[in-house]
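Participant: Once you've had a glance at the structure underneath, I'll fire off some questions.
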């Protein structure tokens, strides 16, 4: 009987060795696959996150250089001949004579302003004609009108060129009668 047990152990021992070797081989394959996935994941993270940091650093450097550089000189453009507008009033009609200039730092904006001058002037005639004479007699009324004119000019340029372009509006002549 002892012989049978040892023979059974011998046969089972060889089978166990083959099973253990197969298990060891499977574990090595799984371990290798996990290690490969970790390496691929680390490489992907390095390239993806590292690239963003480089792009962000370059963008921040470009912004800092742009902020340090002085802006280009302003460019002034007249919005054409004087506007002469009849203003409605409770007592009698009044007149406003107005010369308007625009300021920008972009040459393209001034070119767009010149190109679309008829449209700009048309919008301004409508805007100026709706102005209230009594309000225009005050400094606040003039500043409000200037802000409205700036917005109207920027709206036209935004619609026609894709950029508002004009940064400031100046009344170079302003007469109320």
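Just so it is clear, none of the values below were taken in a lab; they were calculated from the coordinates. For clarity, every value in this text was computed on a predicted model and none was experimentally measured. Every residue, glycine as well, gets a Cβ built from its backbone with ideal geometry; the counts of neighbours run over all protein chains shown.
Participant: I need the calculated FRET efficiency for the pair residue 121 and residue 69, taking r as the beta carbon distance and R₀ as 22 Å, to the nearest 0.05.
Facilitator: E(calc), rounded to 0.05, equals 0.05.
Participant: Between residue 176 and residue 61, what's the calculated FRET efficiency when r is the beta-carbon distance and R0 is 45 Å? Round to 0.05.
Facilitator: Calculated value: 0.30.
Participant: With N set to the number of residues, divide the alpha-carbon radius of gyration of the stretch 34-177 by 2.2 N^0.38 Å and report two decimals.
Facilitator: After normalising by residue count via 2.2 N^0.38 Å, the value is 1.71.
Participant: While we're here: Fully extended, how many nm does the chain gain between residue 139 and residue 18 (0.36 nm per residue separation, minus their Cα-Cα distance)?
Facilitator: Working it through step by step, the gained length comes to 33.6 nm.
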